[in-house]
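The structure under discussion appears below in the form of structure tokens.
Values in this text are rule-based calculations from the coordinates and carry no lab data. Just so it is clear, the model here is predicted, and its values are computed rather than measured. Here the Cβ positions follow ideal geometry from the backbone for every residue, glycine too, while neighbour counts run over all protein chains shown.
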Amino acid sequence: MQVSDRLALPAILALAGVLRLLNLGRSFDGDEILTVVGARQPLADLPAHLAQEAHPPLSYLLLHGWLGLGESEVWARLLFVVTGLAVCAATYRLARQIGDQGLARASALLVAIAPGMVWASQYARSYILGSLFATAAAVLFLRVIRSSGAMRACAGYAALSAAAVYTFYPTVLGTVAQGVYAILRFRRRPLLALKILGIQTVVALSLLPWLGLATAQFAKISDTPVLMAGKGFYLLGVHLGGAGRSLIGTMGLDPLFLGVQPISEQWPRALLVMGTLVAAAGFSAIVVGGIRSLRQRGAGAEAWFLAGGVLVPVLLANLVHGWARISLAAHYFVIFYPLLAILAAAAWISLRGRVLRGGVAAAAVVLLLVRATVMAYTPGEGWREIAGHVRRGLQAGDMVALFPAGSLSWRYYAPEIPQVVTVSEHMVIDRVTRSFTFDGRGARAFERALSPFSRVWLVTGPFRALGGHEALRQWFADHGLIEVDRRMIGRSALVLYVRRGVRASGEPG
């Protein structure tokens with residue numbers, strides 16, 4: 001092995017580490033606070049917390065132990081940074097099982113600088129941990145096949161598959177894809193296919209202790225407005241609102257669809273459709289080009305394993321969308337980025353001519369590095385900064401109103417300010433338009449909650465897809481509350497309302 005080969009992976013990991021350490025001390029977003037608060041619970045109280053959540057327990061247990069050594073934003077996120085580096089190494093290992101050093105280096109580099117992977121490695125949520133276990137399970141899956149079902153490989157595959165599902169539910173889509181692959185590939189070796197399906201059955205049985213709480217979680221998810229299906233965009237019947245958009249965004253080919261928040265209401269429909277077609281064409285070129293390249297290199301079976309590991313979850317996600325009307329969030333699909341990165345690396349290697357390969361590589365690396373850096377510095381929800389601003393300006397007779405929600409985030413950063421009302425608790429949601437409105441009963445209850453206070457600090461969160469901001473602004477105007485100050489803090493807005501006849505300082509006018 002040449003020196004360059006030995007240094008390649010450490011250099012890639014060093015680059016990945018630099019990107020993932022950028023701006024790590026920003027305040028937690030709301031979802032991150034859910035994770036951190038849950039991880040700080042006594043273990044006996046964790047199931048009660050998770051009953052209000054949408055994630056299984058393993059990531060909380062890991063973070064629980066990690067937070068025993070520190071509690072700052074930087075320290076909490078370091079667990080996920082380290083996990084992101086491990087995903088790069090696991091991708092290198094998986095690609096090396098399929099091809100040569102060149103394929104492994106290119107695949108690991110793509111995972112190291114892919115904006116979605118950088119974001120997930122900085123976000124204190126289950127996504128990157130699920131990606132690590134899913135990628136490691138894929139490594140062991142290939143080892144099971146090549147060893148014809150050796151006991152150690154089977155045990156490792158079962159353990160990692162179970163860990164993946166106990167970390168992040170959508171990883172089960174990848175396990176199903178592996179089962180489909182085993183059935184289709186080993187029709188003439190039914191014993192090996194049955195052994196793989198038997199391992200997956202053991203994994204499914206291992207989830208029985210968690211089944212009751214998981215059922216309660218899914219029931220809650222299906223009734224959560226922010227997770228309900230939005231408008232979305234369809235291409236040949238495939239919903240691109242979540243899975244497709246996210247996977248397309250892996251390689252940075254989608255200027256319209258990379259963001260983790262839906263943007264369907266922020267762009268003209270014609271531009272969105274055009275962008276969808278272009279992005280889908282790029283995605284298809286990656287998959288088809290990767291399959292052709294690996295088949296030419298004698299790895300045709302592995303090529304279909306990778307393609308199935310990407311496409312079957314997308315198909316299943318669309319079936320879930322059509323059946324349950326729940327759109328899996330785009331960033332959930334970081335768990336399948338490593339498989340797509342290997343296909344993309346294989347497609348790039350097959351390009352003819354050093355000039356063409358060098359030009360494509362340089363353009364891709366520069367684009368991804370720029371976007372990953374921008375994403376690292378993209379403003380968050382700004383709860384720590386919002387709490388600090390309110391704390392400095394707080395007066396007697398002030399109330400804090402949160403829209404649509406955020407009480408847990410507020411209690412995390414400003415527990416000493418208890419005068420808080422969650423506006424959406426007094427509103428109703430139109431499940432078709434996903435817009436909050438006041439009914440008579442809710443409006444009266446909200447008026448009673450605010451009547452003792454002369455000033456209201458309104459914090460509006462980042463869920464722009466949920467309507468109701470205009471209805472809320474009109475309610476304040478109708479009840480004699482005048483807007484005197486508005487500022488954006490991160491992706492949230494902080495607005496100060498003062499009752500008519502009261503100075504902004506809180507004194508009678």
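Quick rundown of the values:
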quantity: Dipole of the range 1-133, positive direction: furthest Cα of ALA95, LEU85, PRO42, with charges on the beta-carbon; calculated: ALA95
quantity: For the range 366-448, radius of gyration divided by Kirkwood radius, i.e. Rg to Rh on alpha-carbons; calculated: 1.13
quantity: Cα convex hull of the range 362-405, projected area averaged across orientations, nm²; calculated: 4.5
quantity: The range 383-499 pair-distance distribution - Cα-Cα, 5 Å bins, rounded %; calculated: 2, 11, 24, 26, 21, 12, 3, 0, 0
quantity: In Hz, Karplus ³J(HN,Hα) per residue of the range 420-425 (6.51, -1.76, 1.60; θ = phi - 60°; x = Gly, Pro); calculated: 10, 10, 9, 5, 4, 5
quantity: Signed unit charges on C-beta, dipole axis of the range 383-499, positive-most listed residue VAL495, TRP475, TRP383; calculated: TRP383
quantity: Whole-number D in µm² s⁻¹ for the range 1-140, Kirkwood Cα-pair radius fed into Stokes-Einstein, 25 °C, 0.890 mPa s; calculated: 155
quantity: √(5λ) per eigenvalue of the Cα gyration tensor, the range 340-386, largest first, Å; calculated: 35, 12, 4
quantity: For SER126, net neighbour charge (Lys/Arg +1, Asp/Glu -1) across residues whose Cβ lies under 15 Å away; calculated: -2
